[in-house]
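The structure under discussion appears below in the form of structure tokens.
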Amino acid sequence: MFLNELTDPRKRASSCEHNFNDILVIAVCAIICGADTWQDMQEFGEEKEGWFRLFLELPNGIPSHDTFYRIFCMLKPDEFQECFTRWVKSAYPEALDIPDGDAEIIPIDGKVIKGSKGKGKGKKAVLMVSAWSTRLSLVLGQKKVDKKSNEITAVPQLLEAIDLKGCMITADAISCQKSIAETCVNQEADYLFAVKGNQKTLHNDIQTAVEERWNSNPEEPVSDAFFECKNKGHGRHEYRCCWVFDDVSALSTADEWTGIKQFGVVQSDRTIDGKATTALRFYISSKTMTAEGMLNATRQHWEVENSLHWMLDVAFDEDACQTKDECAAENLSTLRRIALNILKADVTSKRSIKTKRKKAGWSNRYLSQLLKSFIVGAK
């Protein structure tokens, strides 16, 4: 099991009352089964003590909530995240087996753990950047953003920790950076980055090229360079279209962006209850795509928001967690992503993640089934 690879952070572990591995296993099981606090972990462990004794030593029973908290305050978050990434690679080898001609979309995005914000000046909340597999609906890895920095430095470190060959990395404007583009290409991956005002020259060049195209071709002919689609339902009408441009010489800074081959614009029109809104989004890419391909890739990027961030808040109450210690908050974040991957990978139940958590808490059989896939996969 990959948890065995972690270093016990206690100075004199041999004289401690509780086994380090026992604490980790109980914590993982507790998070899977609906625990959201350190007190929940203790209560869960005490109610399941008889079951845990079937495979754990528990020399002095179930640890207290203070023990759980102290351990996760001391545990090195980077080491925990590295073990998590290795576990994903081992447990889900299909994440690396990408079908020919079918590039996997891996959105990269950050999420603030709101409840981790401490009191006083400069006590910022913990910000985690995650890599999400749209094909497998799993978290591939995560990295904390240093308070003195931003996602610009954290994203390359995250990308270097996971296997990207043959994938397409999508990211919002804050990650539209030359260093991140270079990291993607160096790892034999492609990128599709949103462009906004933080890259002013690039943004203005794209806007000029788009306006010239529209002025010269007011009615866009059907071609691979243009695609549109319409959707309606639940009182909402949506229209999306995309234009792609292969001539990057229109961009004055093109030579500064490693591997750039294309740029594009996506227009989104939405009408809800008679109120219409329009949005234009600019993109650069290291892969030559059709307009339909670019539009689909930009839509898949939002899965990291809908399938990961939203799930962490709704099913795991992440923003409500009031753990202020940075290491503990970061390690809890990793625990939640472990639990989310285990629950999402389970195909025996078609229930929601929230219901699966309840079922695991109610049924030792179901929890054992989840743990079996967790342990067997972690070779």
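The table that follows gives values for the structure above.
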| quantity | calculated |
| --- | --- |
| Qualifying residue in segment 102-109 (condition: in contact with a Cys (Cβ under 8 Å, 6 or more places away or on another chain) and at pLDDT below 90) | yes |
| Checking Phe316 against (1) within 30 Å of Lys144 (Cα to Cα); (2) assigned to a helix (DSSP H, G or I); (3) open to solvent by less than 50 Å² (accessible area, probe 1.4 Å), the condition it does not meet | (2) |
| Top-ranked residue in segment 241-296 [being over 19 Å from Cys167 (Cβ atoms) and assigned to a loop (DSSP other than H, G, I, E, B); ranked as farthest from the chain's Cα centre (by Cα)] | Gly274 |
| Test: residue in segment 343-351 that is part of a helix (DSSP H, G or I), more than 27 Å from Val185 (Cβ to Cβ) and open to solvent by less than 10 Å² (accessible area, probe 1.4 Å) | yes |
| Scope segment 157-181; condition part of a helix (DSSP H, G or I), open to solvent by 20 Å² or more (accessible area, probe 1.4 Å) and more than 19 Å from His203 (Cα to Cα); matching residues | Gln157, Glu160, Ala161 |
| Among (1) open to solvent by 40 Å² or more (accessible area, probe 1.4 Å); (2) under 21 Å from His309 (Cα atoms); (3) at pLDDT 95 or above; (4) among the β-branched types (Val, Ile, Thr), the one test that Ile152 misses | (3) |
| Residue under evaluation Thr323, criteria (1) open to solvent by 60 Å² or more (accessible area, probe 1.4 Å); (2) assigned to a loop (DSSP other than H, G, I, E, B); (3) not small (Gly, Ala, Ser), criterion not met | (1) |
| Condition check for Leu58: surrounded by fewer than 18 Cβ atoms within 10 Å (Cβ to Cβ), at positive phi and not in a helix (DSSP H, G or I) | yes |
| Of all residues making up segment 297-348, the number that are under 21 Å from Tyr92 (Cα atoms), of a type outside the set (S, T, N, Q) and over 16 Å from the mean Cα position of the chain (by Cα) | 2 |
| In segment 189-217, the residues that are over 20 Å from Thr298 (Cα atoms) and either among the β-branched types (Val, Ile, Thr) or touching a Lys or Arg at 6+ places or on another chain (Cβ under 7 Å) (or both) | Thr201, Thr208 |
| Residues being open to solvent by 50 Å² or more (accessible area, probe 1.4 Å) and either among the charged types (D, E, K, R) or part of a loop (DSSP other than H, G, I, E, B) (or both) - total across segment 20-48 | 5 |
| All positions within segment 253-296 that are surrounded by 20 or more Cβ atoms within 10 Å (Cβ to Cβ) and within 15 Å of Ala173 (Cα to Cα) | Trp257, Phe263, Gly264, Val265, Val266, Phe282, Tyr283, Ile284, Ser285 |
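The values are calculated or read from the model by the stated rules, or taken from the named source; none is laboratory data. From a predicted model like this one, the values you see are computed outputs, not experimental measurements. Methodologically, a virtual Cβ is constructed for each residue, glycine included, from the backbone with ideal geometry; neighbour enumeration extends over all protein chains shown. What goes into the accessible areas is simple: the full protein's heavy atoms, side chains included, and nothing from ligands, DNA or RNA. Shrake-Rupley method; radii C 1.70, N 1.55, O 1.52, S 1.80 Å.
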